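Working notes, structure below.
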Amino acid sequence: PLNTLRDPSLLKSDALINGEWAPAPGRFAVNDPATGALLAEVANHGAESAHHAIVAANRAWPAWKGKTAKERAAIMMKWFQLLHANADDLARIMTAEQGKPLAEAKGEVTYGASFIEWFAEESKRVYGETVQTTDGNKRYLVIKQPVGVCAAITPWNFPIAMITRKVAPALAAGCTVVIKPAEATPLSALAVAELAQRAGMPAGVLNVLTADAEQSIEVGKVLCSSDVVRHLSFTGSTEVGRILAAQCAPTVKALSLELGGNAPFIVFDDADLDSAVEGAMASKYRNAGQTCVCANRFYAQDGIYDRFVEKLAEKAAAMKVGNGFEAGVVLGPLIDDAAIAKVQEHVADAVAKGARLVTGGELIEGRFYQPTVLADATAEMRCSREETFGPVAPVFRFQTEAEAIELANATEFGLASYFYSRDVGRIFRVGEALEYGMVGINTGLISTAEVPFGGVKQSGLGREGGRQGIEDYVETKYLCLGDI
Ligand code: ADP
């Protein structure tokens with residue numbers, strides 16, 4: 001699938017350190033999850049390279065923060081335009097290594113690029129303030145400054161957007177970055193880095209360290225324990241987030257964490273049912289169920305339960321599953337064998353505990369799993385407590401609004417949540433009662449660059465995107481001016 005790129009020079013297999021492509025003695029394989037085909041052998045960097053990248057980023061920092069916001073924004077806007085100009089190639093690279101259908105990959109390129117545009121614009125709106133003095137001889141000023149060298153460790157489910165969402169605000173604020181992309185999807189990261197180079201990003205401002213699963217742990221240790229790295233942003237599992245947070249404690253490093261979710265999707269009796277089904281499909285099956293905001297648990301009120309299950313199953317059964325490059329495919333492969341195993345375990349566990357398989361429930365072949373709907377789900381099932389991260393929709397029944405809120409909040413996670421209702425009072429009550437960082441009301445799609453994305457409870461720390469997204473990358477400094 002990659003020999004048809006318009007610009008084959010976007011395919012890089014070495015890391016980017018200090019503006020140079022850096023090979024490593026060891027290499028690791030990147031495979032197409034749809035076919036298992038070898039796509040590339042990528043440089044496998046470790047602790048030593050991580051030190052080099054940090055030194056490079058630190059050396060590049062004074063000049064980068066010394067530029068005006070407008071100057072930084074100009075380079076970022078060029079980068080943004082290059083992502084758009086190369087969207088077809090970027091999408092192909094992404095579908096090849098990640099598996100999502102080509103149209104979705106293209107959508108992610110646009111979405112990923114939008115963070116660069118947004119934060120290029122926001123860079124000019126980092127404001128300080130003056131504070132009313134309480135001493136006539138003094139004046140109080142508050143200024144904002146870039147925090148310094150930032151590290152980003154990113155997952156495979158959004159190979160471009162999870163990088164730009166962290167890197168764009170950091171660069172906009174005047175920070176330099178070291179990125180460690182997921183081992184399954186380094187090619188997208190490297191292509192985006194190549195475009196940053198072409199946009200005129202100075203050497204050392206943006207570094208990408210590629211590493212396999214084992215070396216990622218070593219690289220992670222260096223990034224977390226470094227005195228020079230002032231901030232770590234991570235998107236991935238809650239387990240790894242905890243490890244990284246612990247590793248960052250000794251240097252009291254600032255952290256942004258986007259971790260796991262267990263998103264509830266509530267459909268009340270008064271909902272527009274067709275719209276709810278449409279939202280459920282978008283929320284559940286996008287990226288084959290492998291997004292941290294995918295609905296994990298569906299709660300349907302008694303009065304519409306059967307109709308909701310029936311309509312959802314009908315739509316799910318009609319989805320075309322296959323290689324993301326094939327026309328009409330809307331559900332691609334899962335990322336790896338462990339992902340398949342988890343889905344199979346969740347379905348088997350639910351069925352053993354009394355769930356009714358309405359559609360799906362089978363492995364098609366390789367990493368392709370049927371879109372699945374389970375009715376009569378209960379709280380005892382694993383799928384109610386753990387994120388399935390696959391194309392499985394368990395539907396639970398509830399009677400009252402209070403019950404729905406209680407069930408929805410009964411989790412240690414708090415990233416995204418969704419509900420459907422046409423009752424304006426209920427919309428306010430439920431919207432305020434859900435203990436989540438994000439609530440989709442009468443929609444299954446909530447993410448966009450202009451708004452704050454993030455979770456409460458064990459789903460994370462900080463917000464990405466929106467006007468808030470740059471806050472983690474600037475320090476507040478107080479200047480006290482005496483002797484007036
Ligand atoms: P996922 O469930 O998305 O695979 P992970 O949390 O395992 O999420 O991985 C997300 C990112 O974290 C990847 O880039 C991976 O290489 C990296 N990672 C995993 N474990 C560690 C670790 N112990 N230290 C540093 N990075 C890690």
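Residues in region 229-246 that are in a loop (DSSP other than H, G, I, E, B) and under 19 Å from Val167 (Cα atoms): Gly236 alone. The strands (runs of 3 or more DSSP E) located wholly in region 247-332 that include 2 or more residues which are modelled with pLDDT of 95 or more and among the aromatic types (Phe, Trp, Tyr) occupy 295-301.
Residues in region 153-211 that are of a type in the set (A, V, I, L, M) and either modelled with pLDDT under 95 or touching a His at 6+ places or on another chain (Cβ under 9 Å) (or both): 3 in all. Looking at Ser256, Ser283, just one residue is under 20 Å from Gly431 (Cβ atoms), in contact (Cβ under 8 Å) with a residue 40 or more places away in the chain and under 16 Å from the mean Cα position of the chain (by Cα), and that residue is Ser283. When Arg242 is tested against (1) within 14 Å of the ligand (Cβ to nearest atom); (2) within 23 Å of Lys65 (Cα to Cα); (3) surrounded by fewer than 24 Cβ atoms within 10 Å (Cβ to Cβ); (4) basic (Lys, Arg), only condition (2) is not met. The C-beta contact set for region 157-169 (first residue free of Cβ contacts under 8 Å to residues at least 60 places away in the same chain, second residue within 10 Å of the ligand (Cβ to nearest atom) and among the hydroxyl-bearing types (Ser, Thr, Tyr), distance under 6 angstrom, 6+ apart or interchain) comprises Ile163/Thr154. Among residues of region 261-272 that are farther than 13 Å from Gly414 by Cα, those with a Cβ under 6 angstrom from a residue that is part of a loop (DSSP other than H, G, I, E, B) and of a type in the set (S, T, N, Q), sequence gap 6+ or separate chain, pair up as Phe268/Ser421; Asp270/Ser421; Ala271/Ser421.
When we screen Ser114, Ser49 for residues that are more than 23 Å from the chain's Cα centre (by Cα), surrounded by 18 or more Cβ atoms within 10 Å (Cβ to Cβ) and of a type in the set (Ser, Thr, Tyr), the only hit is Ser49.
In the set (1) closer than 24 Å to Trp64 by Cβ; (2) touching a residue at least 60 places away in the same chain (Cβ under 8 Å), the condition left unmet by Ile179 is number (2). Could you check how many residues of region 31-65 are free of Cβ contacts under 8 Å to residues at least 40 places away in the same chain and among the small types (Gly, Ala, Ser)? Final tally of qualifying residues: 1.
The values are calculated or read from the model by the stated rules, or taken from the named source; none is laboratory data. None of the values given here were measured: they were computed from a predicted structure. Positions of Cβ are generated from backbone atoms using ideal geometry, with glycine treated the same way; all protein chains shown enter the neighbour counts.
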